[in-house]
Amino acid sequence: MTSATPELLQALIRNQCVNDGTPESGGESRNADVLAAVLEGPGVELERYESLPGRASLVARIDGSDPAAPSLLLMGHTDVVPANAENWRHDPFGGEQIDGEIWGRGAVDMLNHTSSMAIAMRRLADSGFRPRGTLVYLAVADEEGGGTYGAEWLLEHQRESVAADYVITETGGMSLPVPGATETLLPVMVGEKGFGWVTLVVRGTPGHGSMPLRTDNALVKAAEVVQRVAAIQSTPRVEGQWRDFVEACRLPEDVERLFLDADALTAYCTSEDADLQLARLIHAATTTTIAPTMVRGGVKTNVIADRVEIELDIRTLPGVTADDLVSAIAAAVGEELMASVDVQVGKFQEASLSSPESPLWDSLAKASSALLPGSRPVPFLLVGVTDARFFRGAGSTAYGYGLFSDRISFRDFASMFHGNDERIDIESLRLSTELWSAVAQDFLD
Ligand SMILES: [Zn+2]
């Protein structure tokens, strides 16, 4: 089997472990097989766990000599989201190498790290690495389906095999274009926002569509509800995690003042001059956001609608609870209209946060500046979700990180996650492979 990250990444892409959210999709055992073939050998213990037939996760371990020393888990998921080949310039599952880049679904999310972590692990074992703390590698299934048959399942059923004091997984490390920054600032995702999937059920009274005057039309009311909810403008939270980030950036005084003033930050994010991609990210990192994303309702063209359901994708800052969401929605919709609306909180998960002050942080910073001179990690809040949240819930300090070359911009990266033309350059794969190895050696010794 290969000992090179690019070839391993190609094999993982070609296995097409596409997770469409159904329990029978994924087929991650195919990628677990390939990774087991790379990892097996002296110095590494392998375990394999199947939550469902065909959905294996793989655990590899280099045991530490000191049971009291902190352990480190390198975690990559083996599944990918679907891809529509029509919209790609190259086959999303071809794993082709073109002009120094590997193309395919999973190239940045996150088979790049799943492969580079495995190669780093094997190389460490081959070099006779005998750490004080235990090093664990986890190739996990079902991240893209929410972790039900992967990280969440493993922590519930095989906790002693996967639990670790410190965890590194996706996503982070792509240089942030912060205005005024003089260094290459690499975000370490020290936490991630929570989420609430909320359904608003708007009730009306059915009647004939030919006589709409003064009818109680659920669809008309729902349109108003959507407007009011979408207009909720929360004040950015410039304290806590955001302040940690801004201060770590060491920005010119005027930029720092702007970033730490709620009103000025709102003005910046909404101004036409701001880079829209960056403004969206700042807005999402400093506020609880609400996006109305789906609507269902009515029964027939000639019937006044008596029921409309609106789906909201809500992403919460640390400390925001489900009750907070319900009261914010009720306040925005207003008492009169709320009489026709039921708020149903479906899935809800609170935000999770690890401290940026840790020995693992120091190791990441040391390895990053050695591999990318002039770069420095800064703590950031991931606005999406990853499997790291399950491990924070289990008591681990978990970070999302990686290293990338300057070949692909922050904007390209953002558009490639779950998007078209996903690809990664060979130099980025080399940097990440070296990063995991350097961090493991520094941190576990
Ligand atoms: Zn991912």
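With the structure loaded, tell me whether Thr386 is closer than 22 Å to Val80 by Cα and within 16 Å of the ligand (Cβ to nearest atom) or whether it fails that test. Yes, satisfied.
In region 284-291 there is at least one residue matching the filter, namely being surrounded by fewer than 17 Cβ atoms within 10 Å (Cβ to Cβ) and under 26 Å from Arg389 (Cβ atoms). The set of residues from region 418-445 being within 16 Å of the ligand (Cβ to nearest atom) and open to solvent by 60 Å² or more (accessible area, probe 1.4 Å) comprises just one member, His418.
Would you check if there is a residue in region 234-243 being within 31 Å of the chain's Cα centre (by Cα), more than 30 Å from Ala365 (Cβ to Cβ) and either open to solvent by 20 Å² or more (accessible area, probe 1.4 Å) or of a type in the set (A, V, I, L, M) (or both)? Checked region 234-243: at least one residue is within 31 Å of the chain's Cα centre (by Cα), more than 30 Å from Ala365 (Cβ to Cβ) and either open to solvent by 20 Å² or more (accessible area, probe 1.4 Å) or of a type in the set (A, V, I, L, M) (or both). Residues satisfying the criterion are present in region 253-261 (criterion: in the same structural domain as Ala328 (by TED's automatic domain parsing) and assigned to a loop (DSSP other than H, G, I, E, B)).
Within region 96-113, restricting attention to residues that are of a type in the set (Val, Ile, Thr) and under 13 Å from Ser428 (Cα atoms), the residue that is farthest from the chain's Cα centre (by Cα) is Ile102. Which of the residues belonging to region 173-204 are of a type in the set (Ser, Thr, Tyr) and more than 21 Å from Leu435 (Cβ to Cβ)? Within region 173-204, Thr182, Thr199 qualify. Residues that are touching a helix residue (DSSP H, G or I) at 6+ places or on another chain (Cβ under 9 Å) and small (Gly, Ala, Ser) were ranked within region 68-86; the one that is farthest from Ser57 (Cα to Cα) is Ala69. Would you please name the residue that is farthest from the ligand (Cβ to nearest atom), looking only at residues in region 152-194 that are of a type in the set (D, E, K, R) and within 30 Å of Gly54 (Cα to Cα)? So, considering only residues that are of a type in the set (D, E, K, R) and within 30 Å of Gly54 (Cα to Cα), the one farthest from the ligand (Cβ to nearest atom) is Glu160. Total residues in region 52-79 satisfying the condition of being touching a residue at least 40 places away in the same chain (Cβ under 8 Å), in contact with a Gly (Cβ under 7 Å, 6 or more places away or on another chain), under 26 Å from Asn15 (Cα atoms) and more than 16 Å from the ligand (Cβ to nearest atom): the figure is 1. Can you confirm whether Glu357 is under 24 Å from Val238 (Cβ atoms), open to solvent by 60 Å² or more (accessible area, probe 1.4 Å) and modelled with pLDDT of 95 or more? Answer is yes for this residue. Being within 16 Å of the ligand (Cβ to nearest atom), in contact with a Ser or Thr (Cβ under 7 Å, 6 or more places away or on another chain) and at pLDDT 95 or above is true of Tyr149.
The values are calculated or read from the model by the stated rules, or taken from the named source; none is laboratory data. Here the structure is a predicted model, which means the values were calculated and not measured. Backbone-built Cβ (ideal geometry, glycine too); neighbour counts: all protein chains shown. Side chains are part of the model used for accessible areas, which takes the heavy atoms of the whole protein and leaves out ligands, DNA and RNA. Shrake-Rupley method; radii C 1.70, N 1.55, O 1.52, S 1.80 Å.
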